[in-house]
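Chemist: Just dropping this structure here.
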Amino acid sequence: MPEVEILARHLRPLLCGKTMRGINIRREKSIWPTSPKEFQMKLRGAKFKNLSRRGKYLLFELQLVGRASSRAETLTVLGHLGMTGRMFVALKKEKLPKHAVVVFDLGDRNFIYEDYRYFGRMTLDLSPIEKLGPEPLSKDFSPKVFGESLKRSRQPIKVKLLDQSLIAGIGNIYASEALFRAKILPTLASNKLNAAQIKKLWRAIQETLREAIQFGSTVPLKFASGKSDGLFYFGRSDDGENFYHERLRVYDRAGKLCLNCKSGIKRITQAARSTFFCPHCQKR
Ligand SMILES: [Zn+2]
């Protein structure tokens, strides 16, 4: 989620007010279940009005202009980066990346959605956001609501944290990080957390995400070498990524020393995903 929030903040000023002169759908499955015909028909000539985030999704709010109906209509396009998706604005004269799946013509620039492993989406189907739980950084996410949801589940707490209907936007990295910060064992059953642990975890989730957003906002955006003029990439520079890794306290640090107690960090697999924790700091 922090990555998506940062991307939304970055793209918002680049897109707002821009009109889509044309849409090039290079891979039809990437807009599924919307058909290319519907996508083209509805979006051509539309203007970007706003860009926000819900969970790990981007919500592109568009204004449909010059249509038969005189009242201004709005439409939302849902974007999801999947594992390898990237969205950025580039000068039109720049060569399109090989895996550009949807390209929006904004005049002198293109807004490009690139995805080389095709797990992402850009679609008019908004059903994925209907079942999302509260936003972790909003008032809707209270210790009370959080605790009540946990009481109904026997799943290990780490697995439960990835359930997007519990909280929207917690990914694998931040689930491990938040549990370490709250000193809670990832394998503990969700309904076994006591009131103090629930409160600690509730706070740790917010601190972890806030810190990541704050940090991500400072990562320099990557510009292609020598072509910094108008080519905007979302910051994934090698430097940035290495720097970023050091910020994580347990994630991807198996065998390395715990920053609190100098014990070895352990890696286990839960629900087919890696979990990292300190067996000394996170005893129960
Ligand atoms: Zn430790």
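Chemist: Collect the residues in segment 107-136 that are of a type outside the set (Phe, Trp, Tyr), touching a residue at least 24 places away in the same chain (Cβ under 8 Å) and surrounded by fewer than 16 Cβ atoms within 10 Å (Cβ to Cβ), keeping them in residue-number order. Even if it seems obvious, please write down each step before you answer.
Modeler: Initially, segment 107-136 is screened for residues of a type outside the set (Phe, Trp, Tyr), giving 107-110, 112, 114-115, 117, 120-136.
Now drop any that are not touching a residue at least 24 places away in the same chain (Cβ under 8 Å), which leaves 107, 109, 112, 114-115, 117, 120-126, 128-129, 131-136.
Answer for segment 107-136, where residues must be of a type outside the set (Phe, Trp, Tyr), touching a residue at least 24 places away in the same chain (Cβ under 8 Å) and surrounded by fewer than 16 Cβ atoms within 10 Å (Cβ to Cβ): GLY107, ARG117, ASP125, LEU126, LYS131.
Chemist: Looking only at segment 252-280, which residues are assigned to a loop (DSSP other than H, G, I, E, B), touching a helix residue (DSSP H, G or I) at 6+ places or on another chain (Cβ under 7 Å) and either open to solvent by 90 Å² or more (accessible area, probe 1.4 Å) or near the ligand (Cβ under 9 Å from one of its atoms) (or both)? First the steps, then the outcome.
Modeler: Pass one, segment 252-280, residues assigned to a loop (DSSP other than H, G, I, E, B): 252-256, 258-263, 265, 271-272, 278-280.
Keeping just the survivors that are touching a helix residue (DSSP H, G or I) at 6+ places or on another chain (Cβ under 7 Å) gives 252, 271, 278.
CYS278, the sole residue that qualifies.
Chemist: Can you pull out every residue in segment 115-161 that is at positive phi and not hydroxyl-bearing (Ser, Thr, Tyr)?
Modeler: Initial filter on segment 115-161 (at positive phi): 118.
Within segment 115-161, none qualify.
Chemist: Follow-up. Which of (1) within 16 Å of the ligand (Cβ to nearest atom); (2) modelled with pLDDT of 95 or more; (3) surrounded by 21 or more Cβ atoms within 10 Å (Cβ to Cβ) does LEU193 not meet, given it meets every other one?
Modeler: (1) is the only condition that LEU193 fails.
Chemist: Quick check on segment 15-44: of everything there that is of a type in the set (Lys, Arg) and part of a loop (DSSP other than H, G, I, E, B), which residue is surrounded by the fewest Cβ atoms within 10 Å (Cβ to Cβ)?
Modeler: First, the residues of segment 15-44 that are of a type in the set (Lys, Arg): 18, 21, 26-27, 29, 37, 42, 44.
Keeping just the survivors that are part of a loop (DSSP other than H, G, I, E, B) gives 18, 21, 26-27, 44.
Values: LYS18: 17, ARG21: 11, ARG26: 14, ARG27: 15, ARG44: 15.
Going through the qualifying residues, I end up with ARG21.
Chemist: Do we have any residue at all in segment 70-86 that's modelled with pLDDT under 95, assigned to a helix (DSSP H, G or I), of a type in the set (Gly, Ala, Ser) and within 27 Å of ILE205 (Cβ to Cβ)?
Modeler: No, segment 70-86 contains no residue that is modelled with pLDDT under 95, assigned to a helix (DSSP H, G or I), of a type in the set (Gly, Ala, Ser) and within 27 Å of ILE205 (Cβ to Cβ).
Chemist: Return a yes/no flag: does segment 234-251 have any residue that is at pLDDT below 95, open to solvent by 70 Å² or more (accessible area, probe 1.4 Å), within 16 Å of the ligand (Cβ to nearest atom) and not in a helix (DSSP H, G or I).
Modeler: There is at least one residue in segment 234-251 that is at pLDDT below 95, open to solvent by 70 Å² or more (accessible area, probe 1.4 Å), within 16 Å of the ligand (Cβ to nearest atom) and not in a helix (DSSP H, G or I).
Chemist: While we're here: Since ARG203 meets every condition but one in (1) open to solvent by less than 20 Å² (accessible area, probe 1.4 Å); (2) away from the ligand (no atom under 16 Å from the Cβ); (3) at pLDDT 95 or above, which condition does it not meet?
Modeler: (1)
The values are calculated or read from the model by the stated rules, or taken from the named source; none is laboratory data. The shown structure was predicted, so the numbers you read here are calculated from the model rather than taken from an experiment. Using ideal geometry, Cβ is built from the backbone for each residue, glycine included, and neighbour counts are taken over all protein chains shown. SASA here: full protein model, heavy atoms, side chains in, ligands and nucleic acids out. Shrake-Rupley method; radii C 1.70, N 1.55, O 1.52, S 1.80 Å.
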